[in-house]
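Enquirer: Would you mind keeping the following structure in view while I ask a few things?
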Amino acid sequence: MQSPYLLDRHDPVQGDGIDVSLDVETSVITLAVHGTWGHRLQNAAHAAIHKSLTGHPAALILDL
């Protein structure tokens, strides 16, 4: 298992969440936030950003 399973992933049925992609060769993580901004999505985005930064990527791209 890879670390994205720890995040609140995007669920197309529910309509909100976070998509995570990682380019292993360049160590770039992309987080795309989907849905209506609210308390749950805010907490999920905060956790995803924090967990992504603990991996010390070369770059973190946020698609808000």
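Enquirer: Please list, ordered by chain and number, the residues whose modelled amide H lies under 5 Å from the amide H of residue 61; skip anything fewer than 5 residues away on the same chain.
Expert: Here 29, 30, 31 satisfy the definition.
Enquirer: Could I ask something else about it? What nm value, rounded to one decimal, do you get for the distance between residue 51 and residue 36 when each label is placed 7 Å out toward the C-beta?
Expert: Reported label-point gap for residue 51 and residue 36 is 2.5 nm.
Read-outs: derived from the displayed coordinates by stated rules, not from any lab. These numbers were taken from a predicted model, which means no experiment stands behind them. Neighbour counts run over all protein chains shown; Cβ positions are idealised from the backbone, glycine included.
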